[in-house]
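The values are calculated or read from the model by the stated rules, or taken from the named source; none is laboratory data. Worth saying up front: this structure is predicted, and the values here are computed from it rather than measured. Every residue, glycine among them, receives a Cβ derived from its backbone with ideal geometry; neighbour counts consider all protein chains shown.
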Amino acid sequence: MLLLGCSRQRDENWQLTQVRHHLPDLEFALTDDQGQKVSAQTYQGQITLVYFGYTHCPDVCPETMARLMLALSKLGDDARAVRILFISIDPARDTPTSMHRYVRAFDAEHVTGLTGTLSQVEALAKRYRVAYQSEKPDTDNRYEVMHSSAIYIFDQKGQAQLMATAADSADNIAHDLPSLCFSASSSSAIAAASPQVIAEAGWVRWLPDGRPAAGYMILRNNSAQAIDVVAASSPDYGHVMLHQSISDGTHSKMVHLKKLTLPAHSEVKLAPGGYHLMLEKARAEPAIKPGDTVQVKLTLSDGTFLQLTLPVRPPATL
């Protein structure tokens, strides 16, 4: 089943269907396969391939995911800039835990499972004209879900660009993605560097066995107006979030920040025990270790970006 009401345009330089100006920007509020609340901004700075499916699908969904895995295998280093979002249209059965097991069976590095309430999923499907319908459950509560099989491809700014259908091969997808992707070596040419905000003394604390890492730095705003950091992303980590550690002297907790305000003509320190970046789902190959460097992109409220290369340091670093 194809995208309903979409004008199919194929440019001679593209092998997939162009949907720019035909679909709205990427926008959602869902729960990922680790139980974290996420939004489209969580993945800003990455190419996102959005697919609506369900984990009990025995044929179409696994075939689609396998095709995407094959496409990514053809991209080399550019695959680090790509995130596949598998959005469940069966939230009653697809809990974060079951989604986590499902996506990890395909690729823990590049795939994130997303689920939500029935109303959240229905609204999102309607936004992107995705048709789906659940059959009536049998006496064992088994049922199938008929659904569209298109893959929606959004650029780093969350703008809809391309659509792949069941007729598009892994080669077709791999052919078009590099035109949207940035690699670690070329990302600075794509991101508009901020003339007002600079980052100093940045680094990442590494922890073993794929545990979340933390990013620190000093952000200096040289402009006459406050500027917010509104999103963070990395081709080396699947999730990058703004966090703050808060302590009352006895108890400590971490809170997720939707933005970090940089007051005019001042600096804000991201330091142990306070503001920091939380970096999760590190790339699998090559594994990140102390002595490496990783790429992090900060998106600012004035429409500019900071593209950073941060050294990775051992756990005992202060």
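Summary table below
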item: Residues that are of a type in the set (Val, Ile, Thr) and either at pLDDT below 90 or touching a helix residue (DSSP H, G or I) at 6+ places or on another chain (Cβ under 9 Å) (or both), drawn from the stretch 190-243; result: Ile190, Val230, Val240
item: Which numbered condition Ser266 misses (of (1) at pLDDT 90 or above; (2) of a type in the set (S, T, N, Q); (3) farther than 22 Å from Ser245 by Cβ); result: (3)
item: Count of residues meeting criterion [at pLDDT below 90 and not hydrophobic (A, V, I, L, M, F, W, C)] in the stretch 160-186; result: 5
item: Unmet requirement for Ala201, which otherwise passes all of (1) surrounded by fewer than 12 Cβ atoms within 10 Å (Cβ to Cβ); (2) among the hydrophobic types (A, V, I, L, M, F, W, C); (3) under 16 Å from Thr304 (Cα atoms); result: (3)
item: Residue match in the stretch 284-291 (condition: of a type in the set (D, E, K, R), in the same structural domain as Met217 (by TED's automatic domain parsing), out of contact with any Gly (no Cβ under 7 Å at 6 or more places or on another chain) and at pLDDT 90 or above); result: yes
item: Breaking point among (1) under 30 Å from Gln295 (Cβ atoms); (2) among the hydrophobic types (A, V, I, L, M, F, W, C); (3) crowded, with 21+ Cβ neighbours inside 10 Å, for Leu23; result: (3)
item: Filter pass, Gly215 being assigned by TED's automatic domain parsing to the domain that holds Thr293, surrounded by 12 or more Cβ atoms within 10 Å (Cβ to Cβ), under 17 Å from the mean Cα position of the chain (by Cα) and on the phi < 0 side of the Ramachandran plot; result: no
item: Output for the stretch 251-288, where each listed residue is assigned to a loop (DSSP other than H, G, I, E, B) and either acidic (Asp, Glu) or touching a Pro at 6+ places or on another chain (Cβ under 9 Å) (or both); result: Arg283, Glu285
item: Count - residues of the stretch 226-265 that are exposed (fewer than 12 other Cβ atoms within 10 Å of the Cβ), farther than 24 Å from Lys281 by Cα and among the small types (Gly, Ala, Ser); result: 2
item: Within the stretch 200-250, tally of residues that are farther than 24 Å from Ile47 by Cα and among the small types (Gly, Ala, Ser); result: 8
